[in-house]
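The block underneath contains the structure these notes are about, expressed in structure tokens.
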Amino acid sequence: MSVNSEGIQPSLDLYNKVKGAFISKGTTLTAWCRKNDLKVPNVRSALIGSWNGKAAKKLRTRIVASAGIEVDEQVVH
């Protein structure tokens, strides 16, 4: 995963890594969504990039942090 001036880059790979990270913690992305009162389709859209506005970028950062995934801190221009 990479970070640029616009934040964490969305992709299907990111979505799959987030799902896997939650599973490795003994939970699921769906459970996290329920706990945080978020709709699973919205979270998926933010992670894969079909929803990519300001709110989606903030949500994506929150999800990745909650999943415990490390991202490349190098800024790509």
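The values are calculated or read from the model by the stated rules, or taken from the named source; none is laboratory data. Worth saying up front: this structure is predicted, and the values here are computed from it rather than measured. We place every Cβ from the backbone using ideal geometry, glycine too, and count neighbours over all the protein chains shown.
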Item to check | Selected residue (only one of S2, S11 is among the hydroxyl-bearing types (S, T, Y), under 17 Å from E70 (Cα atoms) and at pLDDT below 95) | outcome: S2
Checklist outcome for this item: Within the range 57-70, the residues that are touching a helix residue (DSSP H, G or I) at 6+ places or on another chain (Cβ under 7 Å) and free of Cβ contacts under 8 Å to residues at least 24 places away in the same chain are L59
Next on the checklist: Of all residues being in a helix (DSSP H, G or I) and among the polar types (S, T, N, Q) in the range 16-32, which is surrounded by the fewest Cβ atoms within 10 Å (Cβ to Cβ)? Just the residue, please.
Outcome noted: S24
Checklist entry - Could you count how many residues in the range 17-45 are without any contact (Cβ under 8 Å) to a residue 12 or more places away in the chain and either under 20 Å from E70 (Cα atoms) or under 13 Å from the mean Cα position of the chain (by Cα) (or both)? => result 12
Checklist entry - Hey, among S45, S66, which residue is modelled with pLDDT of 95 or more, polar (S, T, N, Q), within 16 Å of S11 (Cα to Cα) and assigned to a helix (DSSP H, G or I)? => result S45
